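Chemist: Take this structure, written in structure tokens, and hold onto it; I'll ask about it next.
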Amino acid sequence: MLNNKTLLFFAFFFLPAIAFSQNCNVNVSGYIWDASTGEPISDAHIYLKEARKGAVSDSAGFFRLSSVCPRNYHLSVSHIGCKTRELYMTMEADTTLHIVLDHDSRLLDQVTFISPGGKTTTAEKQSLNEKNIAENANENLANMLSSISGVRVIRNGNNISTPVVHGLYGNRLTILNNGVTQSGQQWGTDHSPEIDPWAASRITVIKGVGALEYQGNSLGSIILVEPRKIEKEPHMHGKGSYFFETNGNGHGLNGQLQQHYEKPALGWRAVGTLKKSGDNETPDYYLRNTGREEANIAVQLEKAFSERWTTDLYFSSYNTNIGVLRGSHIGNLTDLEEALTREVPFFTEEDFSYNIEAPYQKVNHHLIKFHSNYFITDNLWFDLTYSGQLNYRKEFDVRRSGRTEDPSLSLRQFSHFAEGRINRQFSKGWKVKSGFQFNRVDNINLPETGVLPLIPDYISYESGIFVLASKTKEKALFEFGGRYDYEDRRIAAISSSVPREIIRYDNSFHNLGAAGGFNYELIKSLSIAYNLGYASRNPEVNELYSNGLHQGVSGIEEGDPLLKQEQSIKNTFSLKGNIKNKLFFESMVYLQQINDYIFLNPTNEVRLTIRGAFPVFEYEQTDARLFGVDAAATYKILDHFNTVIKYSFIRGQDISNNLPLIYMPSNTIYAELNYQLPKIGKFENLELQVNNRYVFEQTYLLPNQDFTAPPPGYNLAGLKASAEKQSAKMRHNFFIKMDNLFNVAYRDYLNRQRYFADDLGFNLIIGVSSSF
Amino acid sequence: MKHLNAILLATLVVLMFSASCKKDEPDDPIIPHEEEVITTLRYSLIHDTVGIPVVLSFQDLDGDGGNPPVVTADTLRAHTTYSGSLTLLNELETPAENITEEIEEEASDHQFFFQSTLSNLIVEYDDADEDGYPVGLSTTLTTGSPGSGTITIILRHEPEKDAAGVASGDIANAGGETDIEVTFNVDVK
């Protein structure tokens, strides 16, 4: 460290010389503002990379960097709880900057509280940002989402999980990957969404039936997975990330590079991910064959042909092998009963292994998307999108005579999607969006299995049209819209009787959706929103025509070709606000009625086969009602010390038969304490967190509705710490977290592996990412 | 507004076009060779002095689902020792595929278990895999006093043959998966 005298000495001798030759006398100063509250932010770190100069903002949000040479600079602005902003700008003369940071994460853990661009929908939205994604990179998409209140996961072990929002999942939940409805084989609970969260910069859950602009069975909510726009920055920038987790000895590596050229106006980004983990462990034993391998790549190109016409191209490839707990592969009801009574599952080994053997899943998903945007005037523009998706799903079981090498389920799905949209903004706050979508899905069983397929081959054509209008008037936003879809489906199934024959079915369905709502700011610190939506959903191919043995649950599943459409009305009411900028709260109540709700009902029949007796499950319809509450609050105890509490309650009822609905999430309560420090030594933006999640026992279920009673409630504690460090050219982020701190043995009601084994024990995850 | 009308019209045209254009039907699916299926189990019991074997047979010609299986069982003689042999077939294939050979080839990955509610009915293993553990394709069955009850035959795939009691025919610690589990109602006279 130079002392003041030396500094003075240097200044005396060299500064005039530098000033003379380069005229380095530019002063850069500015203010840092909070996007949501409009208040100044103190303790923000500002760093001019090329000048290697930094400053910290004071209590007025003011900072100053003096004697800077005139040239182009990369400027980074970081602050606790905010996404670091990277700016590229020219400093030729004295400059005063006003920099706005998106600071909402400090309020309600990523709740888009009062989003900077104003509210765009009356439906409730919550997101995960880049920091949340990076710090949970060891999790898959569904597990990551479970930190949002009202979102849970149904799992088949730790690596295969599907999100559940307000009690609905599978084909009732639409997942949009970069604006395109994810087209995969995800109608079962043992199918994970085929998306690499590391390629996304934001993941948003829209709770409500309001997202009528998207195709899909949006009876439930919508999950948007979006990559970042390429920044208009002429230099190549990149980021490398790595994590290690002790449970499963998992490693993950991610690299991203991007650049934007001014001439020709073209930007590109490439993202690659590699992940590998082995057998997970419970507090007492290894879960044999629960490893995972993943390799993904995504490429994004953006080109502006003119001021009015921009296009982008996105390609992604997702490839994974996921092991399924060996001891959960069950032959028949007797085996199941035996497996249920065991403390430690069959096939448990003493040693850790990275091996993935049968049973396992091999999934490949490739997406290509072409999008073009044309502005006729500033208030009228078109969007055109084409996308193609190719999805392979192979499931391998333990089979006799070398047939383990052959998948016992092998599906290929190829889909084409086209969309045209028109957006118009009128005076007086009116906005209208309308468009059409067309989707063709070709789903076939590859004939390599030697097994009668569970689901038949089909080709489906779906055309849809929507109109949405919204109006902002002072403190209110009104929104309403409707959509219509027509689906024509051609099916070719193989008979289950001998001699085997081909049976063809033609389905056609008309679906209607409508939604309306309003958002009203009662006072500056309190707003209410109400959203009412109606939607209908086709019975899916599996619900109509499944026929056969589902090994994973040891049951025979039978579809019903006569199933009708489901019809749903969902009401959501939310209230959010803050008291004296100290207590921030948000609560939501929802009530959804689904007529002709399709579900898999265990019948009284036990069918005799050569493999023993199996219970028969039939797809049936009933009227269902879902009611729930999500609530979250943040209290700022001190300036750098806050607590967050989240609670979700849900109850599902079969109202025709007056029974509880099976597979409804149990209630949870989550709390965290956060302490933030601007700086320790060379580390900036330190955050420390203690968290605790309590999951209640699912008591709302009758004993005969499941193979075993739901497991008792459980409590998991965790710790997390993160920090940033600025080196000359790079910015480093570090995090360390501990999940299931006390190594508690527990089972979760929504985890199907719970029939056989405990859930994961202690896990320590460390991660680092460096960006330049 | 002119723009909007034109666009709406265009949208409708596209929609009608896409809704009315010729639809492809899926190709005929290839009917798989269901080689792995076991449709038939036959347990033949031969006695030295009585020439005609007693047969316990389970046959489900269309595999899981479809028509119910046909289960037949002859009457056994009391206080008699039979030598038993198992035959497994897949009669969905023509000619019928002999699954017994497959089990023999993978003997160390398979074991049959015999359970009975009849008093004093004992089944002993007469064969062994390369590690010296029993398989159960060949057995000796000894009946006790007359009565009625059941005999259940279970084939476990990938059992833990070295677990306690498994080699002597106790299924409790065997693990693995059930490939076959059939129960016969048997009279011993």
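The values are calculated or read from the model by the stated rules, or taken from the named source; none is laboratory data. Computed from a predicted model, the values in this text were never measured in an experiment. Cβ placement follows ideal geometry from the backbone for every residue including glycine, while neighbour counts extend to all protein chains displayed. To get the accessible areas, we keep the full protein, side chains included, count just its heavy atoms, and leave off ligands, DNA and RNA. Shrake-Rupley method; radii C 1.70, N 1.55, O 1.52, S 1.80 Å.
Chemist: Within the range A:640-673, take every residue that is small (Gly, Ala, Ser) and buried (at least 18 other Cβ atoms within 10 Å of the Cβ) and give me the one that is farthest from A:Gln689 (Cα to Cα).
Modeler: Start the filter on the range A:640-673 by keeping residues that are small (Gly, Ala, Ser), which leaves A:648, A:652, A:656, A:666, A:671.
Cutting the leftovers down to buried (at least 18 other Cβ atoms within 10 Å of the Cβ) gives us A:648, A:652, A:666.
On the way: A:Ser648: 21, A:Gly652: 34, A:Ser666: 25 Å.
If we take residues in the range A:640-673 being small (Gly, Ala, Ser) and buried (at least 18 other Cβ atoms within 10 Å of the Cβ), then A:Gly652 is farthest from A:Gln689 (Cα to Cα).
Chemist: If I ask for residues that are loosely packed, with under 15 Cβ neighbours inside 10 Å and at negative phi, which ones from the range A:680-691 would you list?
Modeler: Residues of the range A:680-691 loosely packed, with under 15 Cβ neighbours inside 10 Å: A:680-682.
Scanning the range A:680-691 gives A:Ile680, A:Lys682.
Chemist: Across the range A:598-626, what is the total count of residues that are under 20 Å from A:Ala535 (Cβ atoms), open to solvent by 10 Å² or more (accessible area, probe 1.4 Å) and either touching a Gly at 6+ places or on another chain (Cβ under 8 Å) or in contact (Cβ under 8 Å) with a residue 40 or more places away in the chain (or both)? Step through it out loud before you land on a result.
Modeler: Initial filter on the range A:598-626 (under 20 Å from A:Ala535 (Cβ atoms)): A:598-599, A:619, A:621-626.
Applying the additional criterion that residues be open to solvent by 10 Å² or more (accessible area, probe 1.4 Å) yields A:599, A:619, A:621, A:623, A:625.
Narrowing further to those that are either touching a Gly at 6+ places or on another chain (Cβ under 8 Å) or in contact (Cβ under 8 Å) with a residue 40 or more places away in the chain (or both): A:599, A:619, A:621, A:625.
Final tally of qualifying residues: 4.
Chemist: May I ask you to say which residue of A:Gly240, A:Gly255, A:Gly210, A:Gly248 is at pLDDT 90 or above, among the small types (Gly, Ala, Ser) and over 29 Å from A:Lys394 (Cβ atoms)? If you could, list the steps in order and put the result at the bottom.
Modeler: Working: A:Gly255 fails: over 29 Å from A:Lys394 (Cβ atoms); A:Gly210 fails: at pLDDT 90 or above; A:Gly248 fails: over 29 Å from A:Lys394 (Cβ atoms).
Going through A:Gly240, A:Gly255, A:Gly210, A:Gly248 in turn, the sole match is A:Gly240.
Chemist: Another question, if that's okay. Please count how many residues of the range B:27-39 are free of Cβ contacts under 8 Å to residues at least 60 places away in the same chain and under 18 Å from A:Ser496 (Cβ atoms).
Modeler: Quick first cut of the range B:27-39, residues free of Cβ contacts under 8 Å to residues at least 60 places away in the same chain only: B:27-32, B:34, B:36-37, B:39.
Checking which are under 18 Å from A:Ser496 (Cβ atoms) leaves us with B:28-32, B:34, B:36-37, B:39.
So the count comes out to 9.
Chemist: Output the number of residues of the range B:147-165 satisfying the condition of being within 12 Å of chain A (Cβ to nearest Cβ) and either farther than 22 Å from A:Glu337 by Cα or not small (Gly, Ala, Ser) (or both). Break it down into steps so the answer makes sense when it comes.
Modeler: At the first step, the residues of the range B:147-165 found to be within 12 Å of chain A (Cβ to nearest Cβ) are B:152-160, B:163.
Filter again for either farther than 22 Å from A:Glu337 by Cα or not small (Gly, Ala, Ser) (or both), leaving B:152-160.
Total satisfying the criteria: 9.
Chemist: Restricting to strands (runs of 3 or more DSSP E) lying wholly in the range B:92-189: which have 2 or more residues that are surrounded by 15 or more Cβ atoms within 10 Å (Cβ to Cβ), of a type in the set (A, V, I, L, M) and within 18 Å of the chain's Cα centre (by Cα)?
Modeler: On the way: elements: B:110-116, B:122-125, B:138-142, B:147-157, B:177-188.
Where strands (runs of 3 or more DSSP E) fall fully within the range B:92-189 and carry at least 2 residues being surrounded by 15 or more Cβ atoms within 10 Å (Cβ to Cβ), of a type in the set (A, V, I, L, M) and within 18 Å of the chain's Cα centre (by Cα), they are B:147-157, B:177-188.
Chemist: To continue, here is another question. Among what's in the range A:348-396 and is β-branched (Val, Ile, Thr) and out of contact with any strand residue (DSSP E or B) (no Cβ under 6 Å at 6 or more places or on another chain), pick the residue that is modelled with the lowest pLDDT. Let's see the steps before the verdict.
Modeler: The initial filter retains those residues of the range A:348-396 that are β-branched (Val, Ile, Thr), namely A:348, A:356, A:363, A:368, A:376-377, A:385.
Filter once more, so that each one left must be out of contact with any strand residue (DSSP E or B) (no Cβ under 6 Å at 6 or more places or on another chain): A:348, A:376-377.
Numbers: A:Thr348: 88, A:Ile376: 92, A:Thr377: 91.
The residue in question is A:Thr348.
Residue-wise test of (1) open to solvent by 50 Å² or more (accessible area, probe 1.4 Å); (2) within 19 Å of A:Gln186 (Cα to Cα).
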position	(1), (2)
A:Pro447	yes, no
A:Gly464	no, no
A:Ala476	no, no
A:Tyr505	yes, no
A:Asn511	no, no
A:Leu526	no, no
A:Arg537	no, yes
A:Tyr545	no, yes
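Chemist: Being open to solvent by 20 Å² or more (accessible area, probe 1.4 Å) and within 14 Å of chain B (Cβ to nearest Cβ) is the filter here, so list the residues in the range A:352-382 that pass it.
Modeler: A:Glu357, A:Tyr374, A:Phe375, A:Ile376, A:Thr377, A:Asp378, A:Asn379, A:Trp381, A:Phe382
Chemist: Given the structure, is B:Val54 away from chain A (no Cβ under 14 Å), more than 18 Å from B:Thr100 (Cβ to Cβ) and in contact with a His (Cβ under 8 Å, 6 or more places away or on another chain)?
Modeler: Values: away from chain A (no Cβ under 14 Å): yes; more than 18 Å from B:Thr100 (Cβ to Cβ): yes; in contact with a His (Cβ under 8 Å, 6 or more places away or on another chain): yes.
Yes, satisfied.
Chemist: If you don't mind, another one. Answer yes or no as to whether A:Glu357 is out of contact with any Gly (no Cβ under 6 Å at 6 or more places or on another chain), farther than 19 Å from A:Arg752 by Cβ and part of a loop (DSSP other than H, G, I, E, B). Lay out the reasoning, then the answer.
Modeler: Numbers: out of contact with any Gly (no Cβ under 6 Å at 6 or more places or on another chain): yes; farther than 19 Å from A:Arg752 by Cβ: yes; part of a loop (DSSP other than H, G, I, E, B): yes.
Against the criterion (out of contact with any Gly (no Cβ under 6 Å at 6 or more places or on another chain), farther than 19 Å from A:Arg752 by Cβ and part of a loop (DSSP other than H, G, I, E, B)), A:Glu357 qualifies.
Chemist: Let me ask something else. Output the residues belonging to the range B:66-77 that are open to solvent by 20 Å² or more (accessible area, probe 1.4 Å) and not hydroxyl-bearing (Ser, Thr, Tyr). Write out each step before concluding.
Modeler: Here is the first cut: in the range B:66-77, the residues open to solvent by 20 Å² or more (accessible area, probe 1.4 Å) are B:66-75, B:77.
Of everything in the range B:66-77, those that are open to solvent by 20 Å² or more (accessible area, probe 1.4 Å) and not hydroxyl-bearing (Ser, Thr, Tyr) turn out to be B:Gly66, B:Asn67, B:Pro68, B:Pro69, B:Val70, B:Val71, B:Ala73, B:Asp74, B:Arg77.
Chemist: Shifting gears a bit: Residues of the range B:80-91 being over 29 Å from B:Gly66 (Cα atoms) and open to solvent by 30 Å² or more (accessible area, probe 1.4 Å), which ones?
Modeler: Result: B:Thr81, B:Ser83.
Residue-by-condition table, conditions (1) open to solvent by less than 20 Å² (accessible area, probe 1.4 Å); (2) among the acidic types (Asp, Glu); (3) part of a strand (DSSP E or B):
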{"position": "B:Glu25", "(1), (2), (3)": "no, yes, no"}
{"position": "B:Glu34", "(1), (2), (3)": "yes, yes, no"}
{"position": "B:Val37", "(1), (2), (3)": "no, no, no"}
{"position": "B:Leu41", "(1), (2), (3)": "yes, no, yes"}
{"position": "B:Ser44", "(1), (2), (3)": "no, no, yes"}
{"position": "B:Phe58", "(1), (2), (3)": "yes, no, yes"}
{"position": "B:Asp64", "(1), (2), (3)": "no, yes, no"}
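Chemist: Would you check if A:Tyr700 is under 21 Å from A:Ile669 (Cα atoms) and either touching a Gly at 6+ places or on another chain (Cβ under 9 Å) or in contact (Cβ under 8 Å) with a residue 60 or more places away in the chain (or both)? Talk me through it step by step, then tell me what you get.
Modeler: Numbers: under 21 Å from A:Ile669 (Cα atoms): yes; either touching a Gly at 6+ places or on another chain (Cβ under 9 Å) or in contact (Cβ under 8 Å) with a residue 60 or more places away in the chain (or both): yes.
Judged against the criteria, A:Tyr700 is a match.
Chemist: Of all residues being touching a Leu at 6+ places or on another chain (Cβ under 7 Å) and open to solvent by 40 Å² or more (accessible area, probe 1.4 Å) in the range A:740-761, which is nearest to A:Phe244 (Cα to Cα)? Just the residue, please. Give the derivation first.
Modeler: Filtering the range A:740-761 down to residues touching a Leu at 6+ places or on another chain (Cβ under 7 Å) leaves A:740-741, A:744, A:753, A:755-757.
Now drop any that are not open to solvent by 40 Å² or more (accessible area, probe 1.4 Å), which leaves A:741, A:744.
Working: A:Leu741: 17, A:Val744: 21 Å.
Only one residue tops the list, namely A:Leu741.
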